[in-house]
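Student: After the structure tokens below, expect a handful of questions from me.
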Amino acid sequence: MKTVVLISGPSGSGKSTMRRILKQTLGHRFNDRIAGVEVDDIYRFIDPRFNAKNYLEIWQMARESTGHLARGMLLTKIDAVFIFGNTLFSDESVEDVLKNIKLDEEVKFYHVTLAPTRDTVASRLKKRQHSVPDWLDDHLAERQPYITTKWTNVIDNSQITPEETLKAIYKIIEHNKDMNHFMRMSQQPNWFKRVFKGK
């Protein structure tokens, strides 16, 4: 069985660090048949300076392309793809990725929301950018309504290392808290039915 883990979190939540240490931290759990992809990296191919006027369209293209890339990996010897992105929090953004990962064999899909405190995010961004960006509060506010969605697993990684966060994500996989699990227990939204019909 193949595994796809979508990891959403604001800028400064540790996604890039986790992608870099993914294989050394969790590779042995998947016989080293594991890959990590960052939606932000795909976006950067199109808009390297993150200043395009049509940035929403570019984010959608980046998410859809990431889905195609993940599918291609899963068709080879990769058993688990971890997809990291700061725009993977809404129904539509998750659908952009998942609709392009259609395989003949069964795939387990997991969604994780990294939710460090505002102070933690501000501190990390200040180290990276030498100041707290003006957009931080808006950036966090747009994600807030989605933290309570039924299909995500929330991790407050304010006080834990990236390695510990990845291990917590693996516990979610071990406990089978996949997206289908949550949807079997509640009414399925239309986007979920479109992506998972026939599963």
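Student: Taking into account only those residues within the range 162-175 that are of a type outside the set (D, E, K, R) and free of Cβ contacts under 8 Å to residues at least 24 places away in the same chain, which is surrounded by the fewest Cβ atoms within 10 Å (Cβ to Cβ)?
Tutor: Just the residues of the range 162-175 that are of a type outside the set (D, E, K, R), to begin with: 162, 165-166, 168-170, 172-173, 175.
So of that shortlist, the ones also free of Cβ contacts under 8 Å to residues at least 24 places away in the same chain come out as 168, 175.
On the way: Ala168: 16, His175: 10.
Only one residue tops the list, namely His175.
Student: Okay, moving on. Does Glu95 qualify as being in contact with a Phe, Trp or Tyr (Cβ under 7 Å, 6 or more places away or on another chain), in a helix (DSSP H, G or I) and either closer than 28 Å to Gln159 by Cα or not polar (S, T, N, Q) (or both)? It would help to see each step written out before you state the result.
Tutor: Values: in contact with a Phe, Trp or Tyr (Cβ under 7 Å, 6 or more places away or on another chain): yes; in a helix (DSSP H, G or I): yes; either closer than 28 Å to Gln159 by Cα or not polar (S, T, N, Q) (or both): yes.
Yes: the conditions hold for Glu95.
Student: Note down all Cβ pairs under 6 Å where the first residue falls in the range 11-23 and is modelled with pLDDT under 95, the second is of a type in the set (Lys, Arg), and they're at least six residues apart or on different chains.
Tutor: If the second residue must be of a type in the set (Lys, Arg), the pairs left are Gly12/Arg124.
Student: Shifting gears a bit: Name the residue, out of Thr152, Thr120, Thr161, that is under 17 Å from the mean Cα position of the chain (by Cα) and either modelled with pLDDT under 90 or of a type in the set (Ser, Thr, Tyr) (or both).
Tutor: On the way: Thr120 fails: under 17 Å from the mean Cα position of the chain (by Cα); Thr161 fails: under 17 Å from the mean Cα position of the chain (by Cα).
Step by step, each of Thr152, Thr120, Thr161 is checked, and only Thr152 is under 17 Å from the mean Cα position of the chain (by Cα) and either modelled with pLDDT under 90 or of a type in the set (Ser, Thr, Tyr) (or both).
Student: Are any residues in the range 143-161 within 14 Å of Arg124 (Cβ to Cβ) and crowded, with 19+ Cβ neighbours inside 10 Å, and if so, which ones?
Tutor: Asn157
Student: Of all residues being charged (D, E, K, R) and buried (at least 20 other Cβ atoms within 10 Å of the Cβ) in the range 1-36, which is nearest to Thr152 (Cα to Cα)? Just the residue, please. Before you say what the answer is, go through the steps one by one.
Tutor: Here is the first cut: in the range 1-36, the ones charged (D, E, K, R) are 2, 15, 19-20, 23, 29, 32-33.
Subsequent filtering for residues that are buried (at least 20 other Cβ atoms within 10 Å of the Cβ) retains 2, 15, 19.
On the way: Lys2: 19, Lys15: 16, Arg19: 19 Å.
Filtering first and then ranking leaves Lys15.
Student: Do the conditions hold for Lys167, that is, is it over 17 Å from Gly9 (Cα atoms), modelled with pLDDT of 90 or more and not in a loop (DSSP other than H, G, I, E, B)?
Tutor: Judged against the criteria, Lys167 is not a match.
Student: If I filter the range 125-141 for residues that are assigned to a helix (DSSP H, G or I) and within 15 Å of the chain's Cα centre (by Cα), do I get at least one hit? Give the steps one after another, and end with the answer.
Tutor: Our first condition is that a residue be assigned to a helix (DSSP H, G or I); within the range 125-141, this holds for 125-129, 136-141.
Filter once more, keeping what is within 15 Å of the chain's Cα centre (by Cα): none.
No, because not a single residue in the range 125-141 is assigned to a helix (DSSP H, G or I) and within 15 Å of the chain's Cα centre (by Cα).
Student: Follow-up question, since we're still on this one. With respect to Gly27, determine if the residue is assigned to a helix (DSSP H, G or I) and either under 17 Å from the mean Cα position of the chain (by Cα) or at pLDDT 95 or above (or both). Spell out how you get there, then give the answer.
Tutor: Values: assigned to a helix (DSSP H, G or I): yes; either under 17 Å from the mean Cα position of the chain (by Cα) or at pLDDT 95 or above (or both): yes.
In short, yes.
Student: Could you list all residues from the range 67-97 that are closer than 11 Å to Val4 by Cα, more than 11 Å from the chain's Cα centre (by Cα), in contact (Cβ under 8 Å) with a residue 60 or more places away in the chain and buried (at least 18 other Cβ atoms within 10 Å of the Cβ)?
Tutor: Those that are closer than 11 Å to Val4 by Cα, more than 11 Å from the chain's Cα centre (by Cα), in contact (Cβ under 8 Å) with a residue 60 or more places away in the chain and buried (at least 18 other Cβ atoms within 10 Å of the Cβ): Ala70, Leu74, Ala80.
Student: Can you name every residue in the range 30-46 that is under 12 Å from the mean Cα position of the chain (by Cα) and modelled with pLDDT under 95?
Tutor: Asp40
The values are calculated or read from the model by the stated rules, or taken from the named source; none is laboratory data. Just so you know, these numbers come straight off a predicted model, no measurement behind them. Reconstructed Cβ throughout: ideal geometry from the backbone, glycine too, with neighbour counts over all protein chains shown.
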